[in-house]
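See below for the structure under consideration.
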Amino acid sequence: MPYNKKKRFCNLLNVKFIALILMISLCTLFLFIMNDNISGGNFLTNTPNFEPPSINYTLLKELEAHLSQKNLIFIGDVHGVFNELSELLEIIEYQPLRDHLIFVGDLVAKGPESIKVVSLARSLEASCVRGNHDDKMLRWKTFLNSLESQGIEFDEYIKQNNLPVEKTEHIDLAK
Ligand SMILES: [Mn+2]
């Protein structure tokens, strides 16, 4: 059988062509995923996830004058890590009469014991700055409260309005 040069060339071209198409597809998919992750969208539907509306920022409280006589201790990003926070307070020999704690964002989320951290901050009468995770949880809390006041079930509301809700821990914390 004669060696078919032309056919072999065609096959080789096909293989290269398929490889090229595959590479372009992979690159497109990669860019698609990257773009989705950056914009926080839903990968499968390419629609942005539903988030409750922003709350206007309000200055709730100024640092009272007598507090500025105390040692001001700034702690950031506790993220629900209760045990380590307790250890830290021991290490710095925190004394309520002498020291005042100011948490500078993200008391909650990521860590295992967000609720306990918030309770501790409250019991110590600490000051807090609202972090992005705190904000997200508070926005959900405000949203859930408003649904509750209208007698609407959250899961039902999501289903009826077909909202692309990413189930995050912020919702559970808000609940
Ligand atoms: Mn943080």
Q. Given 0.36 nm per residue, what is the gain on full extension from ASN161 to MET23 after removing their alpha carbon distance, in nm?
A. 45.8 nm
Q.
Using Cβ contacts closer than 10 Å as the measure, can you line up PHE17, PHE82 from fewest to most?
A. PHE17, PHE82
Q: Would you mind ranking ASP172, ASP134 by Cβ crowding within 10 Å, fewest neighbours first?
A: ASP172, ASP134
Q: Calculate the spin-label point distance for GLU93 paired with LEU67, positioning each point 7 Å from the Cα along the beta-carbon direction, and give it in nanometres.
A: 2.4 nm
Q | Simple spin-label estimate for THR168 and ASN145 in nanometres, 7 Å along Cα-Cβ | A | 1.9 nm
Q: Rank these for me by crowding, GLU51, GLU62, GLU84, going from fewest to most other beta carbons within 10 Å.
A: GLU62, GLU84, GLU51
Q) With each pseudo-label sitting 7 Å past Cα toward Cβ, what's the LYS175-PHE30 distance in nm, one decimal? A) 3.9 nm
Q: Using the structure shown, list the pairs from LYS70/LYS110; LYS110/LYS136; LYS70/LYS141; LYS70/LYS116 with a Cα-Cα distance above 23 Å, or answer none.
A: LYS70/LYS110; LYS70/LYS141; LYS70/LYS116
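All of the numbers you see were taken from the coordinates with simple rules; none came from a lab. Note that the structure is a prediction, hence the values are computed from the model and not measured. Positions of Cβ are generated from backbone atoms using ideal geometry, with glycine treated the same way; all protein chains shown enter the neighbour counts.
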